[in-house]
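Where a number appears in this text, it was derived from the coordinates with a stated rule and is not lab data. On a predicted model such as this, the values are computed, not experimentally measured, just so you know. Note that we place each Cβ from the backbone using ideal geometry, even for glycine, and neighbour counts take in every protein chain shown.
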Amino acid sequence: MNINQLRTLKALNQCKSFSLAAEKLYLTQPAVSFQINSLEEHFGARLVDRSGRRAELTEEGQLVLKFAHETLAGLARTEYQVSELTQKVRGRLLVGASTIPGEYILPHLIGAFRDEYPEVKISLEIGDSEDIRKKVQDQRVDLGVVGVVCKQPQILSEKVLEDELILIVPQNHRWPSGVTVTVQDLTEEDFILREKGSGTRQVLLERLKEHGVEADALHVVMELGSTEAILTAVEAHLGISVVSRWAADKALALGQVREINVEGLDLKRDLFVIIHRQTLPNRALEEFQNFISNFRINTLSQSLS
């Protein structure tokens, strides 16, 4: 029996699936099966019920899981205490992020963090805000960065950065540059939205509703799963859209799309770090959280330019 086998059992209990546990642990599915089989052989008991659609722990498995939690928690505390004594920050972090922070902000921030803490390896997973929230809730990632606040009691949220959504139109759109349009004007245009679950979509629809415009009042011609796809679609004159300024800066500078002001519509939003309340103490995670919180917006803007 070894620590990796206990980690595998814990992941399998969280994911209820050999394939998802393999994804969480960055292993192959056969490797996860081998770890569980070895653990069952050690205890001489069946720890996992594989007969249903979900992998569920048996009574014996629950007993071993309790031991695994105690052992891994003790190991994490000891590693933290040793790192405090040696002042070394090392380890591996699984970070989840929604599209905007994941594609436009975190790569630069992670690079700066690695310059300071080269012994910390970081893996970045990108999805929509809802997908990342679920991964944090299931403890499939150590930390998430998303564009909407999470209200689940088991998740802690901390505001770390500010983002601004802007309205973009094709270069030859009938609205001239410098014009200010109304919220009602948006309902007369072909509109491109992000997919359901996107923080950008959620913020936009909430702000429009505050101005009396329901989602079904928009003439939505397509829903796309990435900001880059939306920028390309707007450039191709397929409609107008709202995207993060972080994402649109390059396309605006190259003249591929134009920005249009919307009267009275505040599309600023916060970006949040989210973490599960029961996350074990981890020096690398603690330093990464502090690094994100203290990272200056002007420093980030310079690195993106």
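Please report how far the C-alpha centroid of the stretch 18-74 lies from that of the stretch 194-268, rounded to the nearest whole angstrom.
So the separation of the two Cα centres works out to 44 Å.
Please list, by residue number, every one of the chymotrypsin sites (Phe, Trp or Tyr not before Pro) in the stretch 1-36 that is coil in DSSP and has at most 11 other beta-carbon atoms within 10 Å.
Answer in residue order: Y26.
Any idea how far apart K16 and Q184 come out in nm if each label point goes 7 Å out from Cα toward Cβ?
Using points 7 Å along Cα→Cβ, the separation is 4.9 nm.
Hand me the chymotrypsin sites (Phe, Trp or Tyr not before Pro) from the stretch 71-120 located in a DSSP loop with no more than 16 other Cβ atoms within 10 Å, in residue order please.
none
To the nearest 0.05, what FRET efficiency results for S51 and K209 with a Förster distance of 35 Å applied to their C-beta separation?
That pair, S51 with K209, gives E of 0.15.
If the viscosity is 1.567 mPa s and the temperature 4 °C, what Stokes-Einstein diffusion coefficient in µm²/s follows for the stretch 41-114 when Rh is the Kirkwood radius over Cα pairs?
79 µm²/s
Rounded to the nearest 5, what is the percent of antiparallel bridges among the DSSP beta bridges in the stretch 20-175?
15 percent
Running a GNM on the chain with Cα contacts under 10 Å, which residue among G147, G178, G102 ends up with the highest mean-square fluctuation?
Comparing G147, G178, G102 in the GNM, the peak value goes to G178.
Please identify every one of the GluC sites (Glu not before Pro) in the stretch 51-143 that sits in a loop by DSSP and has no more than 14 other beta carbons within 10 Å of its own beta carbon.
Qualifying residues, ordered by number: E119.
Say the dipole of the chain comes from +1 at the beta carbon of Lys and Arg and -1 at that of Asp and Glu; which of V257, M222, N2 then lies farthest toward its positive end?
N2
Which of R194, R50, R258 ends up with the largest GNM mean-square fluctuation for the chain, with Cα atoms connected below 10 Å?
R50
Give me the dipole magnitude in Debye, nearest 20, for the chain about the Cα centre, with unit charges on the beta carbon: positive for Lys and Arg, negative for Asp and Glu.
940 debye
With a Cα-only, solvent-free Debye model of the chain, what are the log10 I(q)/I(0) values at q = 0.07, 0.14 Å⁻¹?
Debye curve over Cα of the chain, log10 I(q)/I(0) at q = 0.07, 0.14 Å⁻¹: -0.36, -1.05.
Taking every DSSP beta bridge that has both residues in the chain, what percent is antiparallel when rounded to the nearest 5?
Among the beta bridges of the chain, antiparallel pairing accounts for roughly 55 percent.
What length, rounded to one decimal in nm, is gained on full extension from S38 through to E286, with 0.36 nm per residue of separation minus their alpha-carbon distance?
Length difference between fully extended and current span is 86.0 nm.
Once you have the Kirkwood Rh of the stretch 3-85 from its Cα pairs, apply Stokes-Einstein at 25 °C and 0.890 mPa s and quote D in µm²/s.
It diffuses with D of about 187 µm²/s by this estimate.
At 0.692 mPa s and 37 °C, plugging the Kirkwood radius over alpha-carbon pairs of the stretch 191-263 into Stokes-Einstein gives what diffusion coefficient in µm²/s?
Stokes-Einstein gives a translational diffusion coefficient of 258 µm²/s.
Across the stretch 116-203, what fraction of all alpha-carbon pairs, as a whole percent, falls in each successive 10 Å bin from zero upward?
12, 35, 25, 19, 9, 1
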